[in-house]
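Shown next, in structure tokens, is the structure this report addresses.
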Amino acid sequence: MDLLDSDIFVLDLRFREDPRYQVNRSFLAKGNQPRATTIYNLLEVSGILSFNLTQEALLSLYAEFGRRYGVTVLFPPTPDAQALPAMIRGIFEKITRKMTLGDAQILWIAEQHPEVEQLVSWNTKDFIGRTALRVLTPHEWIEAQG
């Protein structure tokens, strides 16, 4: 399963003049295998778009996001009081590798789901060398498909 980063969705929804837009669109259209994103990605996209959308449009985007993009939204394993410190340690360990909190949360959730094999992002530098997952751009993903 591919995990898609927030920037792919933001580029699709807001930056049609970006030179990467057509490659991004092609990538989104070629999803023939299961894809996912995390709840943190969905919240990040919602936060970015909240400045330009009405509350109704924002709620609609949030509610329909998985269906719109054909992705499963992954959540962290439900922590009980005893598991919460381990989750925080796992996220903090990512932060010690020079990651933002948001990227650390996204990567930690991805790594908790064994079906996630690779992470697709336009900002691969934020993840390469910080995970055992394969990390590639949408362009690299398309090239790898042949």
Using a Förster distance of 22 Å, the FRET efficiency for S60-E115 (Cβ separation, nearest 0.05) | 0.20
Can you list the residues, at least 5 places off or on another chain, whose amide H is less than 5 Å from the amide H of T38, using H built in the peptide plane?
-> L74
Mind checking the dipole of the range 2-145: about its Cα centre, +1 per Lys or Arg Cβ, -1 per Asp or Glu Cβ, Debye to the nearest 20?
-> 140 debye
Measure off 7 Å from each Cα along the Cα-to-Cβ vector at E93 and K30, then give the distance between these two points in nanometres to one decimal.
-> 3.4 nm
Projected onto the charge dipole of the chain (+1 at Lys/Arg Cβ, -1 at Asp/Glu Cβ, origin at the Cα centre), which of G129, A63, S26 gives the Cα projection farthest towards the positive end?
-> G129
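Values quoted throughout were computed directly from the atomic coordinates according to the rules given, and no laboratory measurement underlies them. Keep in mind it's a predicted model, so treat the numbers as computed, not measured. Here Cβ is always computed from backbone atoms with ideal geometry, including for glycine, and neighbour counts include all displayed protein chains.
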